[in-house]
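Okay, so here's the structure we're looking at.
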C-alpha cells in the first residue's frame, strides 16, 4: 500500500477482559498494521506483552467494568457512544466483536473503509437463542425475547454497512450468511504462534487446556478418564466450572486439574504430552488442536464447527462424532497409542504451517492493500445477473444475459492497483470473486431502496449499471447502459404502465449519468432523437458473444423454424405466426418453435394460434434453460427474428455460433448488425417473411453461405471488446 503511514487505521474490540483466541488475534492485527487499538476496558493479564507493544496506540475507554447481564449490553454501547467522535478520525477501521461491529458501522465517517473480522455471530440471539432463553427465569423470558429481537435488528443492520467481511472459518462464514443474509468476502484462519509450541519429548499423559466452561465438554473428558485409570489426563486451564471439574476428578490419581498455568509451563506440558483433547460444542474455528499439532502432537477433536476444516482425520488427529458420548472418547483415546502418535509427528508439524502467524499477517495485509482507501472505487450494479423474479434459478433473458457476460468480462479489465471494485448484488454470485461482492439482501425495490441506502452510507467514486437505472446517491461519475427506447418509437407495443416505467427510468438515467452507453448505432440515434441528448454523450459498446465450446454443431436438423425471445407484441410474433401459416401450406411437415417468456400481448398470440388451427404446428415452450436453448439452435433449420424494433439481438449472434441460417427484418438495426450473414425480409410485411422463409428452406447453398458468413462475423465479437469500451468510458 502506498503512503500507508498517511492512512489512519484502528482496530476496535469490545474488551480485553480475558485471554482468548479472539483477543490475541485482534491485538496481533493492530500491532502488525501499526493501528490504534480501541477497547472498552482491558485486564492487565490479557496478553500483557501484546498490550505493551501497542504503547500509546492502546486506547482504553474505561477503567470501570460492569458485568451484570443485559445492563452490560447497554453500558458497553453507551461507553462507545460517548466516545463516538473518536471514530471519525480514521480512514480504515477493523471491527472484531458484536458491539464493535455496531460501533464501527454507525460512528465511522462515510468514506471510511469498514472491515469486520468475524470470530462468530452473537449466537445467543441466533442458533443458541432457545438455550439462552432458558437461562432466564420464566417471568423474564418474554422480556428477553423482545431484547433479542432488538439486538438482531441492530446487529444485522450494522453488519450490512461493512465494506469487507472476514470470517475466521468456513463454519463462521456459513453462520454469517445464515444469520444476516450477508456474504463473507474472505476466510482467514486465526493465527497460531507456532514457535511457542515445540516437540520436547513423549510422556504418557493426554492434555486439555481449553477454557473450563459448559461449552468445552471438560466434564465429559474427565468422566472418560475416570473409566480409564490406566490413562493419565492433565487439565491445565481455568474457567467458571473449574471447581466443579476439580470436585469431579477428586480421588482419581490419573487425573490432574492444575488450573491456570504460566505460558512457559503450558508450552512444556504440550511439548511433552502424548496427545491433546479438544471437543468443544460447535467451535467457531478452534486453535488448541492446531497448537498441539505445532508441537508435533495429534489431537482428539469433535466433528463439529470449524474443527472439521482444520483436522486431517487419521493424520493430524482423530475426529469423533458430533455430540459424543464418554464411550466415543474412550475409543479414540485407546486408538492413540504412543507408536501411532509419534508416527504423526512430522505431518502435524507440516500441517500447522499454513496457519502460522506470518501467513495470517500476510493475508491481513493483502486485504488492507486491496481495500486501500486511497484508491477510488468503481461500483457495479449486478442486480440483473439473473432474473430477479427467480432468485438463484439462473434464469435470464436479454438484459440478464448482457449483464452477466459484460460484468464477467469487465472485472478482469479493471486495474486493481489503481481502483477498488465493489459489485452490488442482492445475493452471492458464485461466478465472481467473493472479495469484490457487496451482498445487500432484499428483493422488492432493491435499487431504489437498498442500493440507494448503501451508496448514501458508503459513497463511491464511479458507478456503472448495465441494466436498470442509476439510483439516488450515486456519484457524479455514473454510467448506464440504455439498450433501446422502443417504448418511444413503437408505444402501441407496450402497456401504459410499462411505458411509464421505462420513460421514468430513462429520464432518471439521463439526469444522473455522465455518459450513456448503448449497444448499437441505431439505439444511439434513437436515444439522441427522442431525449435530445448530444451524440458525444452516448457511447456505443456493441454486444459481444463468447464462442460456445459445449455444443455439437453437426446434429441432424429438424424441419423447424425457431424464434428465441420474449413472446410479446414488440417482437412482432403475430406477424411471424401469420407468415408461418402461409409457409406451412406448401410445407406441412415444418413446425414453428417459439421459445421465451410470455410478455405483453401473449393472450392475443394464443388466440391467433387457435384461430389459425396451428396448435399442433406451433410449440409455445415458454422460458427455456440455457441447455435447451442450445439444443434448439443446433437442431432447428432456420432462425427467424421478425421484430424490427431492437437495440441489438443476442439470439441472432447465438444462431451464428450454432450454425443456423437466419431471416431478419430489413430494419435499420439489423442492417447494422446483420452484415451479409442474414437473409432480409421487408420489415412489417408477413408476405415477404413467408417468401424468404420458403426461399431459405429450399436453397441449401444459400443456407450454407449464410452459416459461413455468420461464423466469420461471430469470431470477432468477444465480450472482452464490449467490456474494454465500457471500462475506458468509465475511467477515462
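Please enumerate the residues belonging to the range 315-346 that are in contact with a strand residue (DSSP E or B) (Cβ under 6 Å, 6 or more places away or on another chain), assigned to a helix (DSSP H, G or I) and touching a residue at least 24 places away in the same chain (Cβ under 8 Å).
332, 341
Among the residues of the range 126-140 satisfying the criterion of being in contact (Cβ under 8 Å) with a residue 12 or more places away in the chain and within 18 Å of residue 214 (Cα to Cα), which is surrounded by the fewest Cβ atoms within 10 Å (Cβ to Cβ)? Don't jump to the end; show me each part of the working.
Of all residues in the range 126-140, those in contact (Cβ under 8 Å) with a residue 12 or more places away in the chain come to 126-127, 129, 132-133.
After this cut, where a residue has to be within 18 Å of residue 214 (Cα to Cα) as well, the list is 127, 129, 132-133.
Working: 127: 13, 129: 16, 132: 15, 133: 17.
Filtering the range 126-140 for residues that are in contact (Cβ under 8 Å) with a residue 12 or more places away in the chain and within 18 Å of residue 214 (Cα to Cα), the one surrounded by the fewest Cβ atoms within 10 Å (Cβ to Cβ) comes out as 127.
Which of the residues belonging to the range 622-635 are loosely packed, with under 15 Cβ neighbours inside 10 Å and in contact with a strand residue (DSSP E or B) (Cβ under 7 Å, 6 or more places away or on another chain)? Working first, answer last.
The first filter runs over the range 622-635 and keeps only residues loosely packed, with under 15 Cβ neighbours inside 10 Å, leaving 622, 625-628.
622 - this is the single residue of the range 622-635 that is loosely packed, with under 15 Cβ neighbours inside 10 Å and in contact with a strand residue (DSSP E or B) (Cβ under 7 Å, 6 or more places away or on another chain).
Take the residues of the range 352-382 that are under 19 Å from the mean Cα position of the chain (by Cα) and part of a loop (DSSP other than H, G, I, E, B): which is farthest from residue 164 (Cα to Cα)?
The qualifying residue farthest from residue 164 (Cα to Cα) is 382.
Can you find, within the range 303-314, the residue that is nearest to residue 228 (Cα to Cα) among those that are in contact (Cβ under 8 Å) with a residue 24 or more places away in the chain and loosely packed, with under 15 Cβ neighbours inside 10 Å? If you could, list the steps in order and put the result at the bottom.
We begin by selecting, within the range 303-314, every residue in contact (Cβ under 8 Å) with a residue 24 or more places away in the chain; these are 304-310, 312.
From the residues that got through so far, the ones that are loosely packed, with under 15 Cβ neighbours inside 10 Å too are 309, 312.
Numbers: 309: 30, 312: 26 Å.
In this case the residue turns out to be 312.
Just to confirm my filter: which strands (runs of 3 or more DSSP E) fall fully inside the range 1-94 and include at least 2 residues that are assigned by TED's automatic domain parsing to the domain that holds residue 152 and buried (at least 18 other Cβ atoms within 10 Å of the Cβ)?
9-13, 36-39
Quick one: would you say residue 713 is at pLDDT below 95, touching a helix residue (DSSP H, G or I) at 6+ places or on another chain (Cβ under 7 Å) and either farther than 22 Å from residue 547 by Cα or part of a helix (DSSP H, G or I) (or both)? Before the answer, list the steps.
Details: at pLDDT below 95: yes; touching a helix residue (DSSP H, G or I) at 6+ places or on another chain (Cβ under 7 Å): yes; either farther than 22 Å from residue 547 by Cα or part of a helix (DSSP H, G or I) (or both): yes.
Considered against the rule, which asks whether it is at pLDDT below 95, touching a helix residue (DSSP H, G or I) at 6+ places or on another chain (Cβ under 7 Å) and either farther than 22 Å from residue 547 by Cα or part of a helix (DSSP H, G or I) (or both), residue 713 comes out as yes.
Which of the residues that make up the range 569-595 are in a loop (DSSP other than H, G, I, E, B) and surrounded by fewer than 22 Cβ atoms within 10 Å (Cβ to Cβ)?
Result: 587, 588, 589, 590.
Anything in the range 282-302 that is out of contact with any helix residue (DSSP H, G or I) (no Cβ under 7 Å at 6 or more places or on another chain) and surrounded by fewer than 24 Cβ atoms within 10 Å (Cβ to Cβ)? List them, or say none.
Matches in the range 282-302: 282 only.
Return yes or no: is residue 395 closer than 24 Å to residue 189 by Cα and out of contact with any strand residue (DSSP E or B) (no Cβ under 8 Å at 6 or more places or on another chain)?
Details: closer than 24 Å to residue 189 by Cα: no; out of contact with any strand residue (DSSP E or B) (no Cβ under 8 Å at 6 or more places or on another chain): yes.
Here the answer is no, as residue 395 does not meet what is asked.
Residue 558 versus (1) buried (at least 16 other Cβ atoms within 10 Å of the Cβ); (2) closer than 14 Å to residue 632 by Cβ; (3) touching a helix residue (DSSP H, G or I) at 6+ places or on another chain (Cβ under 7 Å): which is the lone unmet condition?
Status for residue 558: all satisfied but (1).
Here is a yes/no grid of residues against (1) crowded, with 18+ Cβ neighbours inside 10 Å; (2) in contact with a helix residue (DSSP H, G or I) (Cβ under 9 Å, 6 or more places away or on another chain); (3) over 30 Å from residue 704 (Cα atoms); (4) at pLDDT below 90:
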{"residue": "470", "(1), (2), (3), (4)": "yes, yes, yes, no"}
{"residue": "485", "(1), (2), (3), (4)": "yes, yes, yes, no"}
{"residue": "513", "(1), (2), (3), (4)": "yes, yes, yes, no"}
{"residue": "520", "(1), (2), (3), (4)": "yes, yes, no, no"}
{"residue": "530", "(1), (2), (3), (4)": "no, yes, yes, no"}
{"residue": "535", "(1), (2), (3), (4)": "no, yes, yes, no"}
{"residue": "554", "(1), (2), (3), (4)": "no, yes, no, yes"}
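The values are calculated or read from the model by the stated rules, or taken from the named source; none is laboratory data. Everything numeric in this text was worked out from a predicted model, so none of it was measured. Virtual Cβ from ideal backbone geometry, glycine too; neighbours counted across all protein chains shown.
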